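The block underneath contains the structure these notes are about, expressed in structure tokens.
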Amino acid sequence: MLRNEASTKVRPLRVEELKCDLAVVGGGLAGTCCAITAARAGLKVVLIQDRPVLGGNASSEVRLWILGATSHMGSNNRWAREGGVIDEILVENMYRNPEGNALVLDTVLLEKVFLEPNITLLLNTAVHHLEKTDADTIKSIRAFCSQNSTDYRVSAPLFCDASGDGIVGFMAGAAFRMGTEARSEFGEQFAPTKANNQLLGHSLYFYSKDVGRPVKYVPPSYALADITKVPRYRDFKAGEYGCRLWWLEWGGNLDTVHETETIKWELWKVAYGVWNYIKNSGQFPEAANLTLEWVGTIPGKRESRRFEGDYIITQHDLVEQRQHPDAVSFGGWAIDLHPSDGVYSEKPGCQQWHSKGVYQIPYRSLYSRNIKNLFLAGRIISASHIAFGSTRVMATCAHNGQAVGMAAALCRRHNLNPGGVAARPYITELQRDLLRSGQFIPMQPLEDSEDLLPNASLAASSELQLGGLKSCGETRPLDYAWAMMLPVQAGPMPKVTCWADVSVATELEAELRVSSKLDNHTPDLTLGTLKLSLKAGLRQPVTLDFKSVIDEPRYAFVCLMANPHISVHLSNQRLTGVLAVTQKFNRAVAKSPRQEPPPDSGIDGFEFWLPERRPGGKNLACRIEPPLSVFSVRNLTNGFARPTRQPNAWVAAFEDEQPCLRLTWSKPQTISRVELMFDTDYDHPMESVLMGHPERVMPFCVPNVVVLNPRAVRDAKQAKPVTATVKAVGASGYATELLRKNGGENGSGETHPPGLLARLQDNHDTRRVLEFAAPVTTDCLEIHLTAPNELIPAALFEVRCYA
């Protein structure tokens, strides 16, 4: 029993002192990815989150889908999903949660942090005070947990503010700004002529549920009574809920830091008023059985403070896709700005203007310019209001957070402050470490002197020579223009033959297009045009010989322009780095098939050519002469682990039943681990909630891998009957024969061959590290893979070997 006598003094709170290498404030995706990255790099991390769950706007408290450069597949940014930790999260959520349940996503995020022993997680804990050692250095922060009535004092040499509103940066005295800059400050043509205080507002969502019987709804007294105050009230639909109603937004004319509670109450009024309108106006009889299942209790914030780093990202960086020597991340969401009046505005809910491709994010924008031990992550990074319209989205924030976490590890390794990492050789080391961990930096290849693979000779059981895609018997009418994105080498453009069903005699117009920038996938340059007269009839071969010359290895768009009298034959075959795209548009992020920006806005006009989502999105059946020879094992060492201007993957032949790689060194190497990068379809946005997806595992992902040391096979007692098979590494059926002739049993009774170093089964992840039980010294390794299925060949982006 505990009994305290009455006291006339003020009792102090329980105080707990914590020391770490990096204190991360904010458990949204940026802070979470930052903490995980730093912890994996060996730092002791305290992650402080003022909410009961992680994820911020992605969590079950707000329920916004995670998006970034993929833009719902609604822009020309192909294979643009963010890499590294956020990719891990999205791929795992897809595997566990294709239905898009926000509660399941909560568990995925919590588990990722729970599994890192170097992270101390403080939930329900809000920072309220800090101490400084001098004018530009933070010493410690104070944070109170309402659930255990404990005041934490966290001391660290490095701090990361990923709090959204920038509570640490604000208290520390870091330079920041709020509102919209004038056009004259950065020369941004899309900015207003005069600076103003207008911001993007908050949003608050609700979920409905069909209970199978009529449900009466009585609104609270504070619900918005006059729905016509919402100019877009006629746009409401009974079946829409969650973040599909992202435009239930307000507060952009207020102080979005200190007046958030006022904004929340107004959004509650709107949300309950909208539901009252749906249930009780008589306009939605289909809503009779719907009940209001959930309404957000905190709004999702878009904009408040933006802090100043050594570099401020502007419209020019996005639209011109400027290159930076200190690039560590990338973005690609549209410049997405909203009217400050939000839901009460007469203007459209947003205006979204895309770049022709993704853009680099420099490291100099990820730390404070005047507080020397403060990193910036999330929506508060150093960007103008116009650029913030793109950099603010969650997957981009998460990718930046990983860069900060890795930079913190370098700071501790070399006794630096954040600004010191921006100089060489440290920025080169940071880029290398990020690329090693799965991060993608546009136009920045991985150069890794510790990787043993570049010194090896590579051989494969097969290399795909893409001579075409077989017809599956289905056809697609050319109601819209369609194109095959084909990775071609420099030289004459190959001839491409498609097959068409023609209802009446007509003319087919075809175009050969490429992008004006090699790494973009916006087909804005036309190299050739053909007009072919077609007679009525079924399955007619249509040969497209543009007689054009390709200047450099790049993607070529073989375009069949719209003609409703023509249907083209389709193929069920799919493969890494090849896509069919169409000149439709995605209403979620565009208003027409062509972007037409305002005059003198500094934004480009261009067409959208987009793939369909699976289970649609089949390729066009075709024959390619000569075949495309772009899927070589040499791609495994080119430093890129996703399609860019080429597929950048080794792809086995469709008919290769036992795909195998053989790595041979001129002298023995000591190897302890092999790292593999698989194709989990970087073109898929993997929206985390609400939408739902037809797949758990991406169709291009290799499910099974076996790593063998063939020298151990040779030295085993059974080596004699296998010698010929080892030499015939390219022979079909090699791996099956090897396992059968050299089968042995381990303690679990599992059969495996001598020389087995690692085995991966039922894989669904992008990146896997295969650690050997003990280092092995050998001059040869073999990697055996299982193709996803007979219609999709095995593919790898990267193999790396380390001592």
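Just read off the accessible area of K112 with the full protein assembly in place, 1.4 Å probe, to the nearest 10 Å². About 40 Å², ignoring ligands and nucleic acids.
Per residue, the accessible area of region 462-574 comes to 42 Å², computed with a 1.4 Å probe over protein heavy atoms only. Candidate values (i) 33.1; (ii) 28.5; (iii) 35.7 were compared with Kirkwood radius over Cα pairs in Å computed on the shown model; the agreeing label is (ii). For region 191-268, chymotrypsin sites (Phe, Trp or Tyr not before Pro) meeting the loop criterion (DSSP other than H, G, I, E, B) and having at most 12 other Cβ atoms within 10 Å: Y222. Against the criterion of solvent-accessible heavy-atom surface with a 1.4 angstrom probe, F631, F144 sort, most first, into F144, F631. Among the GluC sites (Glu not before Pro) found in region 773-803, those both in a DSSP coil and sparsely packed, with 12 or fewer other Cβ atoms within 10 Å of their Cβ, are E790. Projecting the alpha carbon convex hull of region 353-406 along each direction and taking the average yields 4.0 nm². Each label point was placed 7 Å from the Cα along the Cα-to-Cβ direction; for A135 and L791 their separation is 6.7 nm. Separation of the alpha carbons by more than 31 angstrom is noted, of K9/K132; K194/K584; K139/K269; K139/K301; K19/K112; K356/K495, for K194/K584; K139/K269.
Working out 0.36 nm times the residue gap between Y95 and E17, then minus their Cα-Cα distance, what length gain in nm do you get to one decimal? Between Y95 and E17, full extension yields 24.2 nm more. The alpha-carbon of K279 sits under 18 angstrom from the alpha-carbons of these aspartates and glutamates, leaving out residues fewer than 8 places away in its chain: D210, D226, D235, E240, E293. Cα centroid separation, region 90-167 to region 277-336: 22 Å.
Counted as membrane-span-like here are DSSP H helices of the chain whose alpha-carbon atoms extend 27 Å or more along the helix's own axis and whose Kyte-Doolittle mean is -1.0 or above; these are 260-280, 394-414. Packing, taken as the mean count of other beta carbons within 10 Å per residue, orders the peptides 309-322, 145-158 from highest to lowest as 309-322, 145-158. Of the trypsin sites (Lys or Arg not before Pro) in region 415-497, the ones in a loop by DSSP (not H, G, I, E or B) with at most 16 other beta carbons within 10 Å are K470. Note on the chain: helix-only mean residue ellipticity at 222 nm, from DSSP H runs of 4+ residues weighted -39500 (n - 2.57) and normalised by residue number, equals -5000 deg cm²/dmol. Between I361 and V328, S329, F330, G331, the built amide H atoms are under 5 Å apart, and every one of these is 5 or more places off in sequence or on another chain.
The values are calculated or read from the model by the stated rules, or taken from the named source; none is laboratory data. Keep in mind the model is a prediction, meaning the values are calculated, not measured. Every residue, glycine among them, receives a Cβ derived from its backbone with ideal geometry; neighbour counts consider all protein chains shown. For the accessible areas, the whole protein counts, side chains as well, though only heavy atoms, and no ligand, DNA or RNA atoms are used. Shrake-Rupley method; radii C 1.70, N 1.55, O 1.52, S 1.80 Å.
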